[in-house]
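Below is one structure, written out as structure tokens, with a few remarks after it.
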Amino acid sequence: MAACLRYFKNNLLAMRKIVLMILCIAPYLSQGQSAEINFRIKDFKDSIAYIGYHFGHQKYLMDTLPVSEDRFSMKVDQPKQGIYFIYTPSYYFEFVMDGKSFGLETSVSGGYDQLKVSGSKENELFRSFQVEIGGLQKKQRSFVEHLKEATGEDSVRIMKDIREVNVQMEDVRKKLISENDQSFVAAFLRLMRDPDVPPLDSISDESLRKKQRYTFYKSHFFEEGQLQDGRLLRTPLLYPKVTKYFDEVVIQQPDSLIKELDWFFGQIKHDEESFRYWLVTLFKKYAESKVMGMDAVMVHMIENFYLTGRASWISEEYEKTLREEVAYVKPNLIGKQAPPINAVDTLMQAFSFSDIQTGYTLLFIYDPDCGHCKKSVKKLEEVDGRMAELDITVVALCTTTDVSRWKKFVASHNPMWVHLIDPTGKSYFRVSYDVRSTPRIYLLDADKRILAKRLEIDQFLDVVERMKEGL
């Protein structure tokens, strides 16, 4: 397998573990009524060949073809352009679905070097690129091997040779793109390119120069029309490029991510297939994120994409689940004012957050019989001194309505905590603080805004220490 896609051929045994599924999402967009593709792979060892295609970060089965005398054929209704592949337990070969009929002929050992293409300019370009890049990569690997043993001037010379090969590979890619600008292969190869950021040496202020270079890089990360090109979803390169954008280019703060997601979906809103794929993929990414605060991104996506009618494919049951998720998560997002708690203290007096005058509040919501809660209580008691030094008040809110059980718990634990209970069971705190499991712990600032949640006890205290140090 040649250069740009070699990582898909590193281990044929791993290829056997591919989950080949039928992708049942948006209907195909017509790129022609039908096409017939004929293959001849000399010395082919298998009686069955699987044809599949890339879609996002996965591979999907398209057809299963019987092989007779090294030949097999397939007919495709309304074919969609993209990178497709032939797969068996002992063979893997990628080609371009051209949108029309064509033929490919090679041998098992010959690969792209011996590939003969009939009726497909796209596959001619794909073959040419693979052969040229493959030759340069072979040279590059040789240099790398020699570098392992080289010393002194020899290593400097070999490093120069490696850099020259890298330049040659980039020149091959640029030449193919410039000479075949409107081709699918050119669009595919553009995905490999990072923006060439100008040095901006005329800006003397280093901080401003870095900011301007970042702005240029970010605004040119995707080329004009790249996201709107639905064909690129059927390649192995669009998914890592989009992932890199959201993981490495965009500032990892909920507000920044939300802004970029709105822009991103605005770019693909007219391509139903791309819109659906990326909505499902990116929603899963942020819904499952372990990074504190990313639930704000999830809530935004639910409210602005799923529950606006744009996700017409979801069921009523799933829509109900999403609405419930928003109800539990939105009130307690980082930065929001802590929702009021309709509860009473040990004197049966109504509680108000305004009664807490310390710099920080640790709201600890627990069930007296919960094993995890008992461990957290023990940890809280161990750090009582540290919390006092950090000006933190513990508000311990019991989830049970059984006053006798609650009083028994209070009597055996720290009397300096503010102990609360809702004996009526009518308080909305179970929803507004997402008490679907216990314990639930929130760190509030002096104004009772939520600073942190879903951390270990020591981590909450570390947050306060960093804030006090101005970090």
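The values are calculated or read from the model by the stated rules, or taken from the named source; none is laboratory data. Computed from a predicted model, the values in this text were never measured in an experiment. Cβ placement follows ideal geometry from the backbone for every residue including glycine, while neighbour counts extend to all protein chains displayed. With ligands, DNA and RNA removed, areas are computed over all heavy atoms of the protein, side chains included. Shrake-Rupley method; radii C 1.70, N 1.55, O 1.52, S 1.80 Å.
The residues in the stretch 106-131 that are open to solvent by 50 Å² or more (accessible area, probe 1.4 Å), of a type outside the set (Ser, Thr, Tyr) and closer than 16 Å to Tyr92 by Cα can be counted, and the count is 4. Scanning the stretch 331-386 for residues that are closer than 12 Å to Ile421 by Cα and either part of a helix (DSSP H, G or I) or without any contact (Cβ under 8 Å) to a residue 12 or more places away in the chain (or both) turns up Leu347, Met348, Gln349, Ala350. Just one of the listed residues (Gln212, Gln140, Gln226) is free of Cβ contacts under 8 Å to residues at least 40 places away in the same chain, under 30 Å from Leu257 (Cβ atoms), in contact with a helix residue (DSSP H, G or I) (Cβ under 9 Å, 6 or more places away or on another chain) and among the polar types (S, T, N, Q), namely Gln226.
Against the condition under 32 Å from the mean Cα position of the chain (by Cα), of a type in the set (Val, Ile, Thr) and open to solvent by 60 Å² or more (accessible area, probe 1.4 Å), how does Val156 come out, does it pass? Spelling it out, it is not the case that Val156 is under 32 Å from the mean Cα position of the chain (by Cα), of a type in the set (Val, Ile, Thr) and open to solvent by 60 Å² or more (accessible area, probe 1.4 Å). Screening the candidates Ile392, Ile365 for the property of being closer than 20 Å to Asn332 by Cβ, open to solvent by less than 10 Å² (accessible area, probe 1.4 Å), at pLDDT 95 or above and not basic (Lys, Arg) yields one hit, Ile365. Identify the residue in the stretch 178-209 that is hydroxyl-bearing (Ser, Thr, Tyr) and free of Cβ contacts under 8 Å to residues at least 24 places away in the same chain and, among all such residues, is nearest to Met97 (Cα to Cα). Within the stretch 178-209, the match that is nearest to Met97 (Cα to Cα) is Ser178.
The residues of the stretch 95-105 that are in contact with a strand residue (DSSP E or B) (Cβ under 7 Å, 6 or more places away or on another chain) and crowded, with 21+ Cβ neighbours inside 10 Å, listed by number, are Phe95, Val96, Met97, Phe102, Leu104.
With the condition kept exactly as written, say whether any residue in the stretch 55-74 is in a loop (DSSP other than H, G, I, E, B), open to solvent by less than 10 Å² (accessible area, probe 1.4 Å), over 19 Å from Val131 (Cα atoms) and modelled with pLDDT of 95 or more. Scanning the stretch 55-74, I find at least one residue that is in a loop (DSSP other than H, G, I, E, B), open to solvent by less than 10 Å² (accessible area, probe 1.4 Å), over 19 Å from Val131 (Cα atoms) and modelled with pLDDT of 95 or more, so the answer is yes. Scan the stretch 395-405 and tell me whether some residue there is more than 12 Å from Pro368 (Cα to Cα) and surrounded by 13 or more Cβ atoms within 10 Å (Cβ to Cβ). Yes, the stretch 395-405 contains at least one residue that is more than 12 Å from Pro368 (Cα to Cα) and surrounded by 13 or more Cβ atoms within 10 Å (Cβ to Cβ).
In the stretch 87-102, the residues that are modelled with pLDDT under 95 form Cβ pairs under 6 Å with partners that are open to solvent by 10 Å² or more (accessible area, probe 1.4 Å), at six or more places apart or across chains, as follows: Pro89/Arg16; Ser90/Lys45; Asp98/Glu122; Gly99/Gln31; Gly99/Gly32; Gly99/Gln81; Lys100/Gly32. Looking only at residues of the stretch 406-418 that are within 16 Å of Cys370 (Cβ to Cβ) and open to solvent by 50 Å² or more (accessible area, probe 1.4 Å), we find that the one that is modelled with the lowest pLDDT is Ser412. Tell me yes or no: at least one residue of the stretch 401-423 is over 22 Å from Ala350 (Cβ atoms) and within 29 Å of the chain's Cα centre (by Cα). No; the residues of the stretch 401-423 include none that is over 22 Å from Ala350 (Cβ atoms) and within 29 Å of the chain's Cα centre (by Cα).
Does Gln253 qualify as being out of contact with any helix residue (DSSP H, G or I) (no Cβ under 9 Å at 6 or more places or on another chain), under 20 Å from Asp98 (Cβ atoms) and surrounded by fewer than 18 Cβ atoms within 10 Å (Cβ to Cβ)? Spelling it out, it is not the case that Gln253 is out of contact with any helix residue (DSSP H, G or I) (no Cβ under 9 Å at 6 or more places or on another chain), under 20 Å from Asp98 (Cβ atoms) and surrounded by fewer than 18 Cβ atoms within 10 Å (Cβ to Cβ).
For Gln226, state whether it is open to solvent by 70 Å² or more (accessible area, probe 1.4 Å) and either at pLDDT below 95 or not acidic (Asp, Glu) (or both).
On the way: open to solvent by 70 Å² or more (accessible area, probe 1.4 Å): no; either at pLDDT below 95 or not acidic (Asp, Glu) (or both): yes.
In short, no.
The residues of the stretch 268-312 that are in a helix (DSSP H, G or I), touching a residue at least 24 places away in the same chain (Cβ under 8 Å) and either of a type in the set (Lys, Arg) or open to solvent by 70 Å² or more (accessible area, probe 1.4 Å) (or both), listed by number, are Glu272, Arg276, Lys285.
Please tell me if Arg40 is open to solvent by 60 Å² or more (accessible area, probe 1.4 Å), at pLDDT 95 or above and outside any loop (DSSP other than H, G, I, E, B). Even if it seems obvious, please write down each step before you answer.
Details: open to solvent by 60 Å² or more (accessible area, probe 1.4 Å): yes; at pLDDT 95 or above: yes; outside any loop (DSSP other than H, G, I, E, B): yes.
So Arg40 fits the description; yes.
Within the stretch 400-429, residues that are closer than 16 Å to Ser376 by Cα sit with their Cβ atoms under 6 Å from residues that are small (Gly, Ala, Ser), at 6+ positions apart or across chains, in these pairs: Trp417/Ala396; His419/Ala396. Here the stretch 419-466 is the region considered, the condition is being in a loop (DSSP other than H, G, I, E, B) and closer than 13 Å to Tyr360 by Cα, and the residue that is least open to solvent (accessible area, probe 1.4 Å) is Lys448.
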